[in-house]
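Q: What follows is a structure written as structure tokens; I'll ask about it next.
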Amino acid sequence: MYSVDTSFFMDWQARYYPLDVFVSLNTRIGQLIRAGDFRAVELVKEEINAVGTPDLRTWAGGHKNLFVPLVPDVQLEAAAIEARYPDLLDVKSPYQSADAYVIAFAKLQAGVVISQETSVHEKRNPGKNHYIPDVCRDLGVPCINLLGLMRKENWKF
């Protein structure tokens, strides 16, 4: 099971792999969604609605079964992650950050986080001490990016 971060959707559709060009990628991700293996917490949808392109918002709105509610177990685990890694939160953001919830959902499901974020050690001037890959590494939760997903699923194009 994959727990998907907003950055994945932004890079996939809005930046690098638009749906009108990468049709088969959209089809394969759709298959994962239908199989129940590709999920995002509801806060990811809120972030997409806040910062996503119109096309991404439309696509997300058409995939309601992609998004899972914030059940109490996920909320408690996310609160523990936020307490341990307070700079994971973006205090300047006008909406609730999904990062801890994405990680919490993956951890509770023994899943894999998919995020396009990079580790603090890969950044020139990091704005904080922890990003999704850093927290996942610390907690023992596997974390991959879009290319990692393609490799893990053995997709060839």
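The values are calculated or read from the model by the stated rules, or taken from the named source; none is laboratory data. Quick caveat: nothing in here was measured; it's all calculated off a predicted structure. Using ideal geometry, Cβ is built from the backbone for each residue, glycine included, and neighbour counts are taken over all protein chains shown. Heads up: the accessible areas ignore ligands, DNA and RNA and are worked out on the full protein's heavy atoms, side chains in. Shrake-Rupley method; radii C 1.70, N 1.55, O 1.52, S 1.80 Å.
Q: Taking the condition of being touching a strand residue (DSSP E or B) at 6+ places or on another chain (Cβ under 8 Å), within 21 Å of ARG84 (Cα to Cα) and surrounded by fewer than 21 Cβ atoms within 10 Å (Cβ to Cβ), how many residues in the range 101-157 meet it?
A: Of the residues in the range 101-157, 5 are touching a strand residue (DSSP E or B) at 6+ places or on another chain (Cβ under 8 Å), within 21 Å of ARG84 (Cα to Cα) and surrounded by fewer than 21 Cβ atoms within 10 Å (Cβ to Cβ).
Q: Pick from the range 17-32 the residues that are open to solvent by 70 Å² or more (accessible area, probe 1.4 Å) and outside any loop (DSSP other than H, G, I, E, B): which of them is nearest to LYS64 (Cα to Cα)?
A: That would be GLN31.
Q: Right, next: Determine whether VAL41 is within 25 Å of ARG151 (Cα to Cα) and in contact with a Phe, Trp or Tyr (Cβ under 8 Å, 6 or more places away or on another chain). Before the answer, list the steps.
A: Working: within 25 Å of ARG151 (Cα to Cα): yes; in contact with a Phe, Trp or Tyr (Cβ under 8 Å, 6 or more places away or on another chain): yes.
Yes; evaluated as a whole, the condition is true for this residue.
Q: Considering only residues that are aliphatic (A, V, I, L, M), more than 16 Å from ASP11 (Cα to Cα) and modelled with pLDDT of 85 or more, which ones fall in the range 112-146? Before you say what the answer is, go through the steps one by one.
A: Within the range 112-146, the first condition is being aliphatic (A, V, I, L, M), and the residues that meet it are 112-114, 120, 132, 135, 139, 141, 144, 146.
If we keep only those that are more than 16 Å from ASP11 (Cα to Cα) too, we end up with 112, 120, 135, 139, 141.
The answer is VAL112, VAL135, LEU139, VAL141.
Q: Go through the range 66-157 and tell me which helices (runs of 4 or more DSSP H), entirely inside it, have 2 or more residues that are among the hydrophobic types (A, V, I, L, M, F, W, C) and closer than 21 Å to GLU46 by Cβ. Please lay out each step first, then the result.
A: On the way: elements: 72-84, 99-109, 132-139, 146-152.
Filter on the range 66-157 gives 72-84, 99-109, 132-139.
Q: Next question, about the same structure. (1) in a helix (DSSP H, G or I); (2) open to solvent by less than 10 Å² (accessible area, probe 1.4 Å); (3) of a type outside the set (S, T, N, Q): which one isn't true of ALA40, the others all being true?
A: (1)
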